[in-house]
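Down below is the structure, laid out as C-alpha coordinates.
The values are calculated or read from the model by the stated rules, or taken from the named source; none is laboratory data. As the structure is a computational prediction, the values presented were derived from the model and not from experiment. Because the Cβ atoms are built from the backbone with ideal geometry, glycine has one as well, and the counts that use them run over all protein chains shown.
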(Lines give C-alpha, C1' and ligand atoms only; values in the text may rest on other atoms or scores of the structure.)
Protein backbone atom coordinates (compact mmCIF):
# COMPACT_ATOMS: atom_id res chain seq x y z
CA UNK A 1 0.00 0.00 0.00
CA UNK A 2 1.41 3.35 -1.02
CA UNK A 3 2.06 6.12 1.47
CA UNK A 4 -0.80 8.58 1.00
CA UNK A 5 1.47 11.35 2.22
CA UNK A 6 3.48 10.97 -0.98
CA UNK A 7 0.62 12.30 -3.08
CA UNK A 8 -0.52 15.09 -0.79
CA UNK A 9 0.18 18.33 -2.71
CA UNK A 10 2.37 16.45 -5.22
CA UNK A 11 1.94 17.62 -8.79
CA UNK A 12 1.08 14.58 -10.91
CA UNK A 13 0.43 14.60 -14.65
CA UNK A 14 -1.76 11.99 -16.32
CA UNK A 15 -1.81 11.63 -20.11
CA UNK A 16 -4.96 10.15 -21.59
CA UNK A 17 -6.82 11.78 -18.71
CA UNK A 18 -10.23 11.73 -20.42
CA UNK A 19 -10.13 7.98 -21.08
CA UNK A 20 -11.42 5.10 -18.99
CA UNK A 21 -8.30 4.45 -16.92
CA UNK A 22 -7.17 8.08 -16.96
CA UNK A 23 -10.41 9.39 -15.47
CA UNK A 24 -10.35 6.86 -12.65
CA UNK A 25 -6.68 7.57 -11.96
CA UNK A 26 -7.21 11.35 -11.91
CA UNK A 27 -10.15 11.00 -9.54
CA UNK A 28 -8.18 8.80 -7.15
CA UNK A 29 -5.20 11.17 -7.26
CA UNK A 30 -7.53 14.04 -6.40
CA UNK A 31 -8.87 12.10 -3.42
CA UNK A 32 -5.29 11.51 -2.27
CA UNK A 33 -4.63 15.27 -2.28
CA UNK A 34 -2.50 15.47 -5.42
CA UNK A 35 -2.29 18.55 -7.62
CA UNK A 36 -3.54 16.90 -10.82
CA UNK A 37 -2.54 17.90 -14.35
CA UNK A 38 -4.90 16.26 -16.84
CA UNK A 39 -3.53 15.93 -20.37
CA UNK A 40 -5.69 14.68 -23.23
CA UNK A 41 -6.34 15.45 -26.87
CA UNK A 42 -10.03 15.95 -26.23
CA UNK A 43 -12.81 14.77 -23.98
CA UNK A 44 -14.30 16.01 -20.76
CA UNK A 45 -12.42 17.19 -17.70
CA UNK A 46 -12.01 14.48 -15.04
CA UNK A 47 -14.04 14.87 -11.85
CA UNK A 48 -11.20 16.45 -9.90
CA UNK A 49 -11.49 19.81 -8.19
CA UNK A 50 -8.99 22.37 -9.50
CA UNK A 51 -7.35 20.00 -12.00
CA UNK A 52 -5.10 21.74 -14.51
CA UNK A 53 -6.11 20.86 -18.06
CA UNK A 54 -3.89 20.52 -21.14
CA UNK A 55 -5.68 19.83 -24.43
CA UNK A 56 -2.67 18.22 -26.07
CA UNK A 57 -2.08 15.51 -28.66
CA UNK A 58 0.74 13.31 -27.34
CA UNK A 59 2.05 12.82 -30.87
CA UNK A 60 3.08 16.51 -30.90
CA UNK A 61 6.38 16.89 -29.06
CA UNK A 62 6.16 20.68 -28.94
CA UNK A 63 2.74 20.58 -27.25
CA UNK A 64 3.73 17.83 -24.81
CA UNK A 65 6.90 19.70 -23.85
CA UNK A 66 4.98 22.96 -23.39
CA UNK A 67 2.50 21.28 -21.02
CA UNK A 68 5.18 19.56 -18.94
CA UNK A 69 7.36 22.65 -18.89
CA UNK A 70 4.45 24.82 -17.71
CA UNK A 71 3.26 22.52 -14.93
CA UNK A 72 6.54 20.85 -13.89
CA UNK A 73 5.10 17.58 -12.52
CA UNK A 74 6.97 15.39 -10.06
CA UNK A 75 5.42 12.26 -11.52
CA UNK A 76 3.91 11.35 -14.90
CA UNK A 77 1.54 8.48 -15.66
CA UNK A 78 1.55 7.89 -19.42
CA UNK A 79 -1.91 6.40 -19.88
CA UNK A 80 -2.65 7.84 -23.35
CA UNK A 81 -3.09 5.03 -25.85
CA UNK A 82 -4.88 3.89 -28.94
CA UNK A 83 -6.28 0.53 -27.85
CA UNK A 84 -7.69 -1.74 -30.52
CA UNK A 85 -7.38 -5.23 -31.91
CA UNK A 86 -7.76 -3.82 -35.43
CA UNK A 87 -5.30 -5.60 -37.73
CA UNK A 88 -5.78 -3.24 -40.69
CA UNK A 89 -2.64 -2.05 -42.43
CA UNK A 90 -4.12 1.44 -42.51
CA UNK A 91 -4.11 1.59 -38.68
CA UNK A 92 -0.39 1.00 -38.19
CA UNK A 93 0.60 4.66 -38.37
CA UNK A 94 -2.08 5.61 -35.83
CA UNK A 95 -0.79 3.04 -33.34
CA UNK A 96 2.79 4.22 -33.83
CA UNK A 97 1.93 7.91 -33.46
CA UNK A 98 -0.04 7.56 -30.22
CA UNK A 99 1.45 4.55 -28.46
CA UNK A 100 5.10 4.84 -29.46
CA UNK A 101 5.78 8.43 -30.52
CA UNK A 102 3.51 9.65 -27.73
CA UNK A 103 5.46 7.70 -25.09
CA UNK A 104 8.78 8.90 -26.51
CA UNK A 105 7.56 12.51 -26.47
CA UNK A 106 6.51 12.24 -22.83
CA UNK A 107 9.85 10.73 -21.78
CA UNK A 108 11.88 13.19 -23.85
CA UNK A 109 10.01 16.15 -22.37
CA UNK A 110 10.47 14.68 -18.89
CA UNK A 111 14.24 14.59 -19.38
CA UNK A 112 14.31 18.17 -20.59
CA UNK A 113 12.24 19.66 -17.76
CA UNK A 114 14.08 18.04 -14.86
CA UNK A 115 13.50 14.29 -14.76
CA UNK A 116 10.11 13.58 -13.18
CA UNK A 117 9.47 9.86 -12.74
CA UNK A 118 7.46 8.29 -15.57
CA UNK A 119 5.16 5.28 -15.25
CA UNK A 120 4.54 3.70 -18.66
CA UNK A 121 1.28 1.84 -19.16
CA UNK A 122 1.82 -1.28 -21.23
CA UNK A 123 -0.38 -4.19 -22.21
CA UNK A 124 -0.92 -7.90 -21.73
CA UNK A 125 -0.56 -8.10 -25.52
CA UNK A 126 3.18 -7.52 -25.06
CA UNK A 127 5.24 -10.65 -24.51
CA UNK A 128 6.40 -11.15 -20.91
CA UNK A 129 9.96 -10.22 -20.07
CA UNK A 130 12.26 -13.09 -21.02
CA UNK A 131 9.71 -14.75 -23.27
CA UNK A 132 11.35 -16.99 -25.90
CA UNK A 133 8.90 -15.63 -28.47
CA UNK A 134 8.39 -11.87 -28.50
CA UNK A 135 6.55 -11.81 -31.83
CA UNK A 136 3.72 -9.25 -31.66
CA UNK A 137 0.42 -10.26 -33.25
CA UNK A 138 -0.98 -6.78 -33.78
CA UNK A 139 0.27 -3.26 -34.44
CA UNK A 140 -1.07 -2.35 -31.01
CA UNK A 141 1.09 -5.00 -29.33
CA UNK A 142 4.13 -4.01 -31.39
CA UNK A 143 3.75 -0.31 -30.55
CA UNK A 144 3.44 -1.05 -26.84
CA UNK A 145 6.43 -3.37 -26.85
CA UNK A 146 8.49 -0.76 -28.69
CA UNK A 147 7.57 1.89 -26.11
CA UNK A 148 8.87 -0.43 -23.40
CA UNK A 149 12.19 -0.70 -25.23
CA UNK A 150 12.41 3.07 -25.45
CA UNK A 151 11.66 3.23 -21.74
CA UNK A 152 14.78 1.15 -21.15
CA UNK A 153 16.72 3.45 -23.48
CA UNK A 154 15.71 6.54 -21.51
CA UNK A 155 16.76 4.83 -18.29
CA UNK A 156 20.17 3.81 -19.58
CA UNK A 157 21.06 6.83 -21.71
CA UNK A 158 19.33 9.71 -19.95
CA UNK A 159 19.01 8.57 -16.31
CA UNK A 160 15.24 8.95 -16.39
CA UNK A 161 13.24 7.05 -13.77
CA UNK A 162 10.88 4.86 -15.78
CA UNK A 163 8.63 2.17 -14.33
CA UNK A 164 6.95 -0.12 -16.87
CA UNK A 165 3.70 -2.03 -16.50
CA UNK A 166 1.66 -4.63 -18.38
CA UNK A 167 -2.04 -4.15 -17.75
CA UNK A 168 -4.29 -7.10 -18.37
CA UNK A 169 -7.98 -6.85 -19.35
CA UNK A 170 -9.19 -3.84 -17.39
CA UNK A 171 -12.95 -3.50 -16.91
CA UNK A 172 -15.38 -1.68 -14.66
CA UNK A 173 -17.70 1.31 -14.33
CA UNK A 174 -17.14 4.19 -16.71
CA UNK A 175 -15.75 2.24 -19.66
CA UNK A 176 -17.59 4.00 -22.46
CA UNK A 177 -15.98 2.19 -25.36
CA UNK A 178 -18.97 0.09 -26.33
CA UNK A 179 -16.91 -2.03 -28.69
CA UNK A 180 -15.39 -3.70 -25.62
CA UNK A 181 -16.90 -7.00 -24.56
CA UNK A 182 -18.40 -6.07 -21.19
CA UNK A 183 -19.91 -2.66 -22.08
CA UNK A 184 -21.14 -4.09 -25.39
CA UNK A 185 -22.85 -7.03 -23.71
CA UNK A 186 -24.52 -4.91 -21.03
CA UNK A 187 -25.82 -2.28 -23.45
CA UNK A 188 -27.09 -4.83 -25.97
CA UNK A 189 -28.96 -6.72 -23.26
CA UNK A 190 -30.36 -3.44 -21.94
CA UNK A 191 -31.76 -2.86 -25.44
CA UNK A 192 -33.29 -6.33 -25.51
CA UNK A 193 -30.79 -7.68 -28.02
CA UNK A 194 -28.67 -10.80 -27.72
CA UNK A 195 -25.11 -9.93 -28.82
CA UNK A 196 -23.10 -11.90 -31.36
CA UNK A 197 -19.75 -13.32 -30.27
CA UNK A 198 -16.89 -15.40 -31.56
CA UNK A 199 -16.54 -18.86 -30.05
CA UNK A 200 -16.04 -17.54 -26.52
CA UNK A 201 -13.31 -20.00 -25.58
CA UNK A 202 -10.48 -17.49 -25.26
CA UNK A 203 -9.25 -17.25 -21.66
CA UNK A 204 -8.44 -13.76 -20.38
CA UNK A 205 -7.07 -12.30 -17.15
CA UNK A 206 -9.73 -9.75 -16.12
CA UNK A 207 -8.78 -7.03 -13.63
CA UNK A 208 -11.15 -4.50 -12.03
CA UNK A 209 -10.40 -0.81 -12.57
CA UNK A 210 -10.12 0.09 -8.86
CA UNK A 211 -7.45 -2.57 -8.38
CA UNK A 212 -5.52 -1.24 -11.38
CA UNK A 213 -5.55 2.32 -10.06
CA UNK A 214 -4.31 1.22 -6.65
CA UNK A 215 -1.45 -0.69 -8.28
CA UNK A 216 -0.45 2.35 -10.34
CA UNK A 217 -0.52 4.60 -7.29
CA UNK A 218 1.63 2.09 -5.41
CA UNK A 219 4.22 2.09 -8.19
CA UNK A 220 4.16 5.86 -8.56
CA UNK A 221 4.85 6.40 -4.88
CA UNK A 222 7.44 3.68 -4.37
CA UNK A 223 11.08 4.83 -4.53
CA UNK A 224 12.16 1.64 -6.31
CA UNK A 225 10.93 -0.12 -9.42
CA UNK A 226 12.80 1.80 -12.10
CA UNK A 227 13.70 -0.41 -15.05
CA UNK A 228 11.37 -3.22 -14.06
CA UNK A 229 8.20 -4.40 -15.78
CA UNK A 230 5.26 -5.13 -13.49
CA UNK A 231 2.22 -7.20 -14.42
CA UNK A 232 -1.08 -5.77 -13.17
CA UNK A 233 -3.75 -8.44 -13.37
CA UNK A 234 -5.75 -10.86 -11.27
CA UNK A 235 -3.44 -13.83 -11.79
CA UNK A 236 -6.44 -15.88 -12.89
CA UNK A 237 -8.28 -16.31 -16.16
CA UNK A 238 -11.89 -16.69 -17.19
CA UNK A 239 -13.15 -17.52 -20.64
CA UNK A 240 -15.15 -14.98 -22.58
CA UNK A 241 -18.02 -17.46 -22.48
CA UNK A 242 -18.03 -17.54 -18.67
CA UNK A 243 -17.83 -13.76 -18.29
CA UNK A 244 -20.66 -13.24 -20.76
CA UNK A 245 -22.78 -15.76 -18.87
CA UNK A 246 -22.07 -13.90 -15.60
CA UNK A 247 -23.43 -10.73 -17.18
CA UNK A 248 -26.52 -12.50 -18.55
CA UNK A 249 -27.17 -13.98 -15.10
CA UNK A 250 -26.61 -10.68 -13.27
CA UNK A 251 -29.05 -8.95 -15.61
CA UNK A 252 -31.57 -11.80 -15.34
CA UNK A 253 -31.72 -11.92 -19.11
CA UNK A 254 -33.91 -14.58 -20.75
CA UNK A 255 -31.86 -14.23 -23.93
CA UNK A 256 -29.16 -16.63 -25.10
CA UNK A 257 -25.69 -15.41 -26.17
CA UNK A 258 -24.92 -16.02 -29.83
CA UNK A 259 -21.54 -17.72 -29.59
CA UNK A 260 -19.96 -18.62 -32.90
CA UNK A 261 -21.87 -15.94 -34.80
CA UNK A 262 -18.75 -13.91 -35.50
CA UNK A 263 -15.61 -15.04 -37.26
CA UNK A 264 -12.70 -15.99 -35.02
CA UNK A 265 -9.66 -13.72 -35.01
CA UNK A 266 -6.42 -15.65 -35.35
CA UNK A 267 -3.33 -15.50 -33.12
CA UNK A 268 -5.07 -14.24 -29.99
CA UNK A 269 -2.77 -14.34 -26.97
CA UNK A 270 -3.75 -16.07 -23.75
CA UNK A 271 -1.65 -14.86 -20.84
CA UNK A 272 -2.13 -14.64 -17.10
CA UNK A 273 -0.52 -11.93 -14.99
CA UNK A 274 2.34 -12.77 -12.69
CA UNK A 275 2.00 -9.99 -10.13
CA UNK A 276 4.46 -11.51 -7.66
CA UNK A 277 7.03 -8.79 -8.37
CA UNK A 278 4.51 -6.04 -7.72
CA UNK A 279 3.30 -7.72 -4.54
CA UNK A 280 6.86 -8.17 -3.26
CA UNK A 281 7.69 -4.51 -3.91
CA UNK A 282 4.51 -2.79 -2.72
CA UNK A 283 2.28 -5.38 -1.06
CA UNK A 284 -0.36 -4.90 -3.77
CA UNK A 285 -2.69 -7.69 -4.71
CA UNK A 286 -6.06 -7.74 -6.50
CA UNK A 287 -9.04 -7.41 -4.19
CA UNK A 288 -12.04 -7.65 -6.51
CA UNK A 289 -13.18 -11.11 -7.65
CA UNK A 290 -14.61 -11.20 -11.16
CA UNK A 291 -18.11 -11.97 -9.84
CA UNK A 292 -18.09 -8.89 -7.61
CA UNK A 293 -16.59 -6.74 -10.35
CA UNK A 294 -19.28 -7.78 -12.82
CA UNK A 295 -22.00 -7.02 -10.27
CA UNK A 296 -20.63 -3.50 -9.66
CA UNK A 297 -20.13 -2.89 -13.36
CA UNK A 298 -23.64 -3.97 -14.35
CA UNK A 299 -25.11 -1.75 -11.59
CA UNK A 300 -23.16 1.26 -12.86
CA UNK A 301 -24.20 0.77 -16.49
CA UNK A 302 -27.84 0.31 -15.56
CA UNK A 303 -27.80 3.62 -13.67
CA UNK A 304 -25.83 5.33 -16.44
CA UNK A 305 -28.10 4.11 -19.22
CA UNK A 306 -31.23 5.06 -17.26
CA UNK A 307 -29.82 8.54 -16.63
CA UNK A 308 -28.90 8.94 -20.29
CA UNK A 309 -32.38 7.85 -21.33
CA UNK A 310 -34.01 10.35 -18.93
CA UNK A 311 -31.89 13.18 -20.32
CA UNK A 312 -32.77 12.11 -23.86
CA UNK A 313 -36.50 12.22 -23.06
CA UNK A 314 -36.16 15.72 -21.62
CA UNK A 315 -34.34 17.05 -24.70
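If you go through segment 137-151 and keep only what is surrounded by 21 or more Cβ atoms within 10 Å (Cβ to Cβ) and farther than 18 Å from residue 228 by Cα, you end up with 138, 139, 140, 141, 143.
Within segment 106-136, the only residue that satisfies the criterion of being in contact with a strand residue (DSSP E or B) (Cβ under 6 Å, 6 or more places away or on another chain), under 25 Å from residue 63 (Cβ atoms) and part of a loop (DSSP other than H, G, I, E, B) is 116. Consider segment 68-97 and keep the residues that are in a helix (DSSP H, G or I) and touching a helix residue (DSSP H, G or I) at 6+ places or on another chain (Cβ under 8 Å). The one that is modelled with the lowest pLDDT is 91. Spot the failing condition for residue 128; the list is (1) within 19 Å of the chain's Cα centre (by Cα); (2) closer than 23 Å to residue 230 by Cβ; (3) buried (at least 17 other Cβ atoms within 10 Å of the Cβ), and only one is missed. Every listed condition holds for residue 128 apart from (3). Being at pLDDT below 95, buried (at least 18 other Cβ atoms within 10 Å of the Cβ) and part of a helix (DSSP H, G or I) is the requirement here; does residue 103 meet it? In short, no. The residue of segment 267-288 that is surrounded by the most Cβ atoms within 10 Å (Cβ to Cβ), among those that are more than 18 Å from the chain's Cα centre (by Cα) and modelled with pLDDT of 95 or more, is 282. Taken together, the criteria exclude residue 5 from residues that are touching a residue at least 60 places away in the same chain (Cβ under 8 Å) and within 28 Å of residue 280 (Cβ to Cβ). Against the test of being modelled with pLDDT of 95 or more, over 14 Å from the mean Cα position of the chain (by Cα) and surrounded by fewer than 15 Cβ atoms within 10 Å (Cβ to Cβ), the options 134, 112 yield a single qualifying residue, 112. Just one of the listed residues (291, 238, 264) is in contact (Cβ under 8 Å) with a residue 12 or more places away in the chain, surrounded by fewer than 15 Cβ atoms within 10 Å (Cβ to Cβ), closer than 26 Å to residue 192 by Cα and under 22 Å from the mean Cα position of the chain (by Cα), namely 291.
You will find that of 89, 153, the residue that is over 26 Å from residue 273 (Cα atoms) and over 19 Å from the mean Cα position of the chain (by Cα) is 89 and no other.
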